[in-house]
Amino acid sequence: MGISVVQTKTATITAAFSVTVTLTPTGAGNCLVVCAGDYLPAPALHGITLGGLAGNFARATGTTSGDAGGEIWVDPNCAGGQTVLVVTCGAGWPGGIGVVVYEVSGLVTSGAVDKVSDATGTSTGITSGATATTTAIAGLWVGMGFIFGENITGPPSPWTNTTLSGYDSYGDSLVAGYQVVSSAGTATYASTGAGSAQWVGAVVTLRGLPAPPVARRNPLPMQAVARAAYY
């Protein structure tokens, strides 16, 4: 079975410390990847629950830069049948929160995170920076970019992007994207802001399941070998 993005869901909120994402019921053992961007000058330490429980979520990568915060969290082995995911920010000035959630099948359920990278800056060019070369051959790369007070555009194909532009009273924007890969490489997620502002970029590479063993053909029975040699 190959890698497949089962569903993509989004949610935004203004002037609050948490946002709820409504999911199609999740499949047990699939991977949930949460990309979150927020305006929150205090450290933006997110907490995530699925169906009211912390589950297996862990922060893979992300950082803050002044008014910009962005993180990627991963639950590599999610509970099945869940429809409510809640992202909560740390205490501070309540800003706007944007969230993109991917549910993915075909990834390993333990040790899914391979390589990560994140970066910050103030400009129109938003980048995660490049990861080290991945050790996994088949896998999924997921990236995000967040910019304070400006619209944003994601990178071109082969990235598949979801954009939340100007989603709060500050005009903040978030873009997240993914691509399925079949060879090792270095991942960079580079997006573009409409104007120069503080930004955060991040990318994570996830490991796919190993390819199933190739079935060996049964050798010819000895009688068939003898007949073939005779003729």
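The values are calculated or read from the model by the stated rules, or taken from the named source; none is laboratory data. Because the structure is predicted, anything quoted here is derived from the model rather than measured. Every residue, glycine among them, receives a Cβ derived from its backbone with ideal geometry; neighbour counts consider all protein chains shown. Just so you know, the surface numbers come from the protein's heavy atoms only, side chains and all, with ligands and any DNA or RNA stripped out. Shrake-Rupley method; radii C 1.70, N 1.55, O 1.52, S 1.80 Å.
Some points to look at:
Per-residue answers, yes or no, for (1) farther than 22 Å from Lys9 by Cα; (2) open to solvent by 30 Å² or more (accessible area, probe 1.4 Å); (3) in a loop (DSSP other than H, G, I, E, B):
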position: Thr162; (1), (2), (3): no, yes, no
position: Gly166; (1), (2), (3): no, yes, yes
position: Val175; (1), (2), (3): no, no, no
position: Ser183; (1), (2), (3): yes, yes, yes
position: Gly195; (1), (2), (3): yes, no, no
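- In region 60-112, the qualifying residues are those that are surrounded by fewer than 20 Cβ atoms within 10 Å (Cβ to Cβ) and touching a Lys or Arg at 6+ places or on another chain (Cβ under 9 Å), and the one that is nearest to Phe17 (Cα to Cα) is Gly111.
- The single condition from (1) in a strand (DSSP E or B); (2) over 19 Å from Ser196 (Cα atoms); (3) over 14 Å from the mean Cα position of the chain (by Cα) that Pro156 fails is (1).
- Lone unmet requirement of (1) crowded, with 21+ Cβ neighbours inside 10 Å; (2) assigned to a strand (DSSP E or B) for Thr26: (2)
- The residue pairs whose first member lies in region 45-59 and is over 12 Å from Ser18 (Cα atoms), whose second member is part of a loop (DSSP other than H, G, I, E, B) and modelled with pLDDT under 95, and whose beta carbons are closer than 9 Å, counting only pairs six or more residues apart or on different chains, are Leu50/Asn56; Leu50/Phe57; Arg59/Leu45; Arg59/His46.
- Sole exception among (1) outside any strand (DSSP E or B); (2) surrounded by fewer than 24 Cβ atoms within 10 Å (Cβ to Cβ) for Ala187, by number: (2)
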